[in-house]
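**Q** Can you read through this structure? Questions will come right after.
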Amino acid sequence: MNNPNKKYKELKQKQKARISDLMYRETDRFLQEKKQPPDDTEVVQIAERVYCRIQGLGSVSYTHLTLPTT
């Protein structure tokens, strides 16, 4: 039985690439609209939009993934 709640490091390279691509596109769209980089709150909003898109892509659940903190 497959566990749909995988850690990021357990995802396939293609899945990681898809997440990265979506984050890049959403961030680029933000930069084009706002003409400035997103602040921390806006990065979270971008990640939430990406999360919503990912939910419709497949059977892997990304609910436990969080943004890295520095």
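**Q** Counting only residues that are touching a residue at least 12 places away in the same chain (Cβ under 8 Å) and in a loop (DSSP other than H, G, I, E, B), how many does the range 5-46 have?
**A** Here is the first cut: in the range 5-46, the ones touching a residue at least 12 places away in the same chain (Cβ under 8 Å) are 5-8, 11, 15, 18-19, 22-23, 26-27, 30, 42-44, 46.
Next, only the ones that are in a loop (DSSP other than H, G, I, E, B) stay: 6-7, 11.
Selection size over the range 5-46: 3.
**Q** Related question: Scan the range 29-43 for residues that are open to solvent by less than 80 Å² (accessible area, probe 1.4 Å) and either in contact with a strand residue (DSSP E or B) (Cβ under 9 Å, 6 or more places away or on another chain) or closer than 22 Å to Ala17 by Cβ (or both) and jot them down.
**A** Phe30, Leu31, Pro38, Val43
The values are calculated or read from the model by the stated rules, or taken from the named source; none is laboratory data. Note that the coordinates shown come from a computational prediction; the quantities given were computed from them, not determined experimentally. No Cβ is skipped: glycine too gets one built from the backbone with ideal geometry, and neighbour counts run over all protein chains shown. The area values use the complete protein model at the heavy-atom level, side chains included, leaving out ligands, DNA and RNA. Shrake-Rupley method; radii C 1.70, N 1.55, O 1.52, S 1.80 Å.
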